[in-house]
Every structure is written in structure tokens, then in C-alpha cells.
There are 2 protein chains.
Amino acid sequence: MNVLIVSAHPDPASLTVALRDVAADQLRAAGHAVQVSDLYAMNWKAAVDRADFLHLTADEQMRPPVASMQAAAAGTLTRDVLDEQEKVLWADAVIFSFPLWWFSVPAILKGWIDRVWSSGFGYQNGGERYGAGRLAGKRAMVMVTIGGRESHYSDRGINGPIDDLLFPINHGMLYYPGFDVLPPYVVYRTDRMDEARFQETSREIRERMASLFTIAPIPFRPQAGGDYVDKLVELKEEIAATAPRGFAAHLDHRRT
Amino acid sequence: MNVLIVSAHPDPASLTVALRDVAADQLRAAGHAVQVSDLYAMNWKAAVDRADFLHLTADEQMRPPVASMQAAAAGTLTRDVLDEQEKVLWADAVIFSFPLWWFSVPAILKGWIDRVWSSGFGYQNGGERYGAGRLAGKRAMVMVTIGGRESHYSDRGINGPIDDLLFPINHGMLYYPGFDVLPPYVVYRTDRMDEARFQETSREIRERMASLFTIAPIPFRPQAGGDYVDKLVELKEEIAATAPRGFAAHLDHRRT
């Protein structure tokens, strides 16, 4: 199978990059083809701006969703965006490798999403989404390193539950364009990583890579799966009545 | 009072920028001093990288939290970061004006947080946070424009509740360094904005600006307020027992 790793740590000597390489090596050893988009090494342009939309005249207003649709239709998306889209289309699975900064992805990775998930690729105007869409049938997974302690990210931890903090990424950035999203692999207290713990972490990552194409995805509810009221796209009353509040309402554990 | 607006839309002719200007004009008319950091106009550098840490030698490993602490101590933070920190220290209130892209801030604004909230400014190693910290006593507020419909962001909406989607920003990026965080101002269906609705929206924004220094903040629980177990920083058992699950557990509505 083909795997794309999108990697977003500025230091090639970091733990985040070392663990990314453990994953890549394991996948290659198992016979998969691996490409790595190392966003810092590529000097990835993070900000969506006018330079992304070559068809716009100087005095034309730039509305990003409209400009993105026009550029896709005219075949004038920039080369860097097209290259990444080709890698994603090539991939059977996409892995995001990054440190959690301010409870989200680093800016450079957000800029990869903002630019690569262009109109007609990451979303289509009025089109299918959440379990359907252009990228349906592919798998995606987050590998994230965190400086803080696990308890701070637990169900009662002050930062909020890690699954909720990752929901805008797993559900919003990955399930939305169609991926089956796998449970994340999270490493806490990265400043307390001795050799023994590194070996144990590497072993766990190898196991996760070995199950990349077999492990059950997070059971998010598909938009077209019958659980939502049309158009409002709100959970049906009878489902909401027994579902938890918040993000967790959008999982259906009977699907696992 | 002094107000800093951090603005992150690539198109000066956009609705997001127009509404930002409504806010700025109202604040100035009321006698406040206003500075605007227009991140696109400033060509703000989004990615944290080696160029941020001038003290690092070529072969030295870059660990962002350590390098950030060293640069702050040595007074070698870059000029662009120092300028923004000075504006934040000058401000009594900070407003973020941005379009919601992929359920978070645009990359350029994430890069403002990643870089400006440096060690000793946005956080201190082992120091106070969540309702305490360097920026305590200041107010912050999010003004966000959204293309989708409000129902998609409602309690049962498929995208997840807007307050939960904004929690990593309001609680994680703003309450963490000490701000009192005000309820967000959210505009939905930005592609259906006619003149009448624009006038009504502008009126609401003027009202919100008029109450910027009096409206009650979101009642997040302070870390040192007695609701959390020390060190674990988990909600105390007896509080968790009656609190909702998920992000909402970290609000105490008796505080409003």
C-alpha cells in the first residue's frame, strides 16, 4: 500500500521526527511505499493569499472559496499545492506527524490543510462530506507529541480531553473530506523521554503501523448515514436524546 | 482604554475586514486607542523555525520551548515578535478577527500565537496559567466569520457546537496565558450577506464593542481556584460528578 506522512517539526533532531522515522521505517520494512512531506524542509508556504490564485486580476476581489474553485476549474492551482494533492491521491493512508502547539497543529501544518484542501479536493460546494467526498476510502491518522502530562488531557484534565482537542482535526480536517480516521497515537511528556521509554514508544508505533490497514477507525457518524436531519444537519432528536453532549455525540460506538 | 485587533483575512475587501473596521471605528469613536495588527499586510511569518532563535549555533539542536526561553532571557527574540508583544502589553483588550477555516484559525494567525506566545510571555515553565499568568487582567475576544449555517454548529449540529470548536482558542490560547475571555461574536453564512443583514450585524458589533470592558467573561474555572486536584490538574471528583462531560466541564456558571 502507499502511505504519505505529512511531517511538521522544525528540528530534524527532534523526538517528533525520530518517531516519524520509526513509523516510516516500519512501513517500508512491511513492504509499503512511503512518501514524506517534510513541511519545514520543503519551506512550505503556510498562508493562503493572492499568490495562490494566479487567475485573479490585480483589482479583482479574492474570496478564497470562490477563487479556489475557479483555480481548480482552470487548472491554475500552484505547483506546490498540486504536488501535495497528487501525493494524497496516490496514498492509501495519510499520517500527520506533529507536536501539539497551543492545542492544535503548528501553523505550517494548518497552512498545508488550508491550501491543499482546496475547493473540489478537500470540499465541494454543497457536495458530500463527513465520511464521503473526494478522499473517501483512504485512511488517515494523527501521531502527536505533547510536552504536558497525560492527566492534564484526561477526561477531567484542565486542558480538556485529548479526543475533544483533536476533534477539530480528526473530524473537521480529516473525516470531513472523506478519510476513515484512525485513533490517534499520542506521546505525552516529551521532555522526559529516556532511552527505555523511547524504545517502548517505538515498539508501540511499529505495532500501530502494522495495523494501519486493519484497525477500526473512529466511529464518527457519516453525514448521509441517517443520523442527521437533512439540511439542518443536526443529530435527530431521538438520537440526541441518548447521545452524550458535545463532540462525543458525533460518534456511534455500535459502528466499531 | 487600549485595544489591539489582530486581523487575519487575506482580502482587504472581505466581509471579515469590513466588520473588523466597524469594530475599530466604534472603539475609536468611544474614545479608546486602537492598534490593528493586519497579519497579511505585515506579511507575518507563520512558521516557528531556526530563524526565530538567533542565539542558536548552526549545529545546536532546536527545542522550541527551550530555545524560546533562552531567547527571551538573552533578549534576542526577533523584532517582529517583540513588536507584537509590546502591543499586547499596551492593550487592555485584544480582539482576534478571522474567518473560521477548517474549524480553527487561519495558518497565519496560528503562527502569530505560536511565535508571540513565547516562553515567559504566553506561558512560563511550571508557572501560573488558566486565569493567571503574564496577561492576567486583560480581556480578549474572538470575532469570527463562518461560511456555513448556524444549525451545523449548534448543540446537535454535525460540525460540533461552536463553543466547543472555539474552546482550543478561547480556553487554550487565550485563557491559558491569563486573559479574561469574552463570549465570541460569530457571523454565519457569510456568503448570504445583503445590505440589511450587514447593517444589523454592524449594529450588533457596535453594541459588543460598547460593552467590551463591562460584559461578563466566559466563566472558565481558574487553575488555582480550588476546583482542580493539584499537579494532576484534574477536576475534583465531587465537581466532576455533577459537571457535564467534555469541554463544558471547565466552566462554572455560578461565576457569571
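Worth a mention:
- Candidate set: segment A:7-45, residues that are within 14 Å of chain B (Cβ to nearest Cβ) and not in a loop (DSSP other than H, G, I, E, B); chosen: the one nearest to the chain's Cα centre (by Cα): A:Ser7
- Hey, A:Val66 surrounded by fewer than 23 Cβ atoms within 10 Å (Cβ to Cβ), closer than 29 Å to B:Met42 by Cβ and within 10 Å of chain B (Cβ to nearest Cβ) or not: yes
- Residues of segment B:46-57 that are within 8 Å of chain A (Cβ to nearest Cβ) and without any contact (Cβ under 8 Å) to a residue 24 or more places away in the chain: B:Asp49, B:Arg50.
- Checked against (1) touching a helix residue (DSSP H, G or I) at 6+ places or on another chain (Cβ under 8 Å); (2) away from chain B (no Cβ under 13 Å); (3) of a type outside the set (S, T, N, Q); (4) without any contact (Cβ under 8 Å) to a residue 12 or more places away in the chain, A:Met143 meets all criteria but (4).
- Only residues that are under 17 Å from B:Val142 (Cβ atoms) and hydrophobic (A, V, I, L, M, F, W, C) were counted in segment B:77-101, giving 9.
- Residues being closer than 26 Å to A:Met1 by Cβ and assigned to a loop (DSSP other than H, G, I, E, B) - total across segment A:243-256: 1
- Listed by first and then second residue, the pairs with beta-carbon distance under 7 Å, at least 6 apart or on different chains, first residue in segment B:20-42 and among the acidic types (Asp, Glu), second buried (at least 17 other Cβ atoms within 10 Å of the Cβ) and at pLDDT 95 or above, are B:Asp38/B:Ser7.
- The set of residues in segment B:194-242 being within 13 Å of chain A (Cβ to nearest Cβ) and not in a loop (DSSP other than H, G, I, E, B) consists of B:Phe220, B:Tyr228, B:Val229, B:Glu234, B:Leu235, B:Glu237, B:Glu238, B:Ile239, B:Ala240.
- Going through (1) facing chain B (nearest Cβ under 8 Å); (2) at positive phi one by one, A:Gly75 falls short only on (1).
- Of A:Ala74, A:Ala58, A:Ala93, all but one fail to be in contact with a His (Cβ under 9 Å, 6 or more places away or on another chain), at pLDDT below 95 and either of a type in the set (Gly, Ala, Ser) or outside the structural domain of A:Thr190 (by TED's automatic domain parsing) (or both); the exception is A:Ala74.
- The number of residues in segment A:1-28 being among the basic types (Lys, Arg) and touching a Ser or Thr at 6+ places or on another chain (Cβ under 9 Å) comes to 1.
- Scanning segment A:79-131 for residues being touching a Lys or Arg at 6+ places or on another chain (Cβ under 9 Å) and polar (S, T, N, Q) gives a total of 3.
- For the criterion of being polar (S, T, N, Q), under 13 Å from the mean Cα position of the chain (by Cα) and within 14 Å of another protein chain (Cβ to nearest Cβ), B:Asn159 fails.
- In segment B:29-40, of all residues being over 25 Å from A:Pro10 (Cα atoms) and touching a Ser or Thr at 6+ places or on another chain (Cβ under 9 Å), the one that is surrounded by the fewest Cβ atoms within 10 Å (Cβ to Cβ) corresponds to B:Asp38.
- Taken over segment B:209-225, the criterion of being under 13 Å from B:Tyr185 (Cα atoms) and free of Cβ contacts under 8 Å to residues at least 24 places away in the same chain is satisfied by B:Ser211 alone.
- Of all residues in segment B:150-164, exactly one satisfies the criterion of being in contact (Cβ under 8 Å) with a residue 24 or more places away in the chain and surrounded by fewer than 17 Cβ atoms within 10 Å (Cβ to Cβ), namely B:Glu150.
- Scanning segment A:105-131 for residues that are surrounded by fewer than 19 Cβ atoms within 10 Å (Cβ to Cβ) and within 15 Å of A:Gly178 (Cβ to Cβ) returns A:Gly120, A:Gln124, A:Gly127, A:Glu128.
- Any chance B:Arg79 is free of Cβ contacts under 8 Å to residues at least 24 places away in the same chain and out of contact with any helix residue (DSSP H, G or I) (no Cβ under 7 Å at 6 or more places or on another chain): yes
- Filtering segment A:46-62 to residues that are surrounded by fewer than 20 Cβ atoms within 10 Å (Cβ to Cβ) and either basic (Lys, Arg) or in a helix (DSSP H, G or I) (or both) leaves A:Arg50, A:Ala51.
- Long-range neighbours under 7 Å by Cβ, at least six apart or interchain, first residue more than 14 Å from B:Val187 (Cα to Cα) and in contact (Cβ under 8 Å) with a residue 24 or more places away in the chain within segment B:94-109, second of a type in the set (D, E, K, R) and part of a loop (DSSP other than H, G, I, E, B): B:Val94/B:Lys138
- Restricting attention to segment A:162-185, the residues that are among the small types (Gly, Ala, Ser), within 10 Å of the chain's Cα centre (by Cα) and under 15 Å from A:Ala136 (Cβ atoms) total 0.
- Considering A:Gly246, A:Gly172, the condition of being at the interface with chain B (Cβ under 8 Å from one of its Cβ atoms), at positive phi and not aromatic (Phe, Trp, Tyr) is satisfied by A:Gly246 alone.
- Any chance B:Arg79 is modelled with pLDDT of 95 or more and basic (Lys, Arg): yes
- Scanning segment A:166-193 for residues being surrounded by fewer than 18 Cβ atoms within 10 Å (Cβ to Cβ), outside any loop (DSSP other than H, G, I, E, B) and in contact (Cβ under 8 Å) with a residue 40 or more places away in the chain gives a total of 2.
The values are calculated or read from the model by the stated rules, or taken from the named source; none is laboratory data. Computed from a predicted structure; not experimentally measured. Using ideal geometry, Cβ is built from the backbone for each residue, glycine included, and neighbour counts are taken over all protein chains shown.
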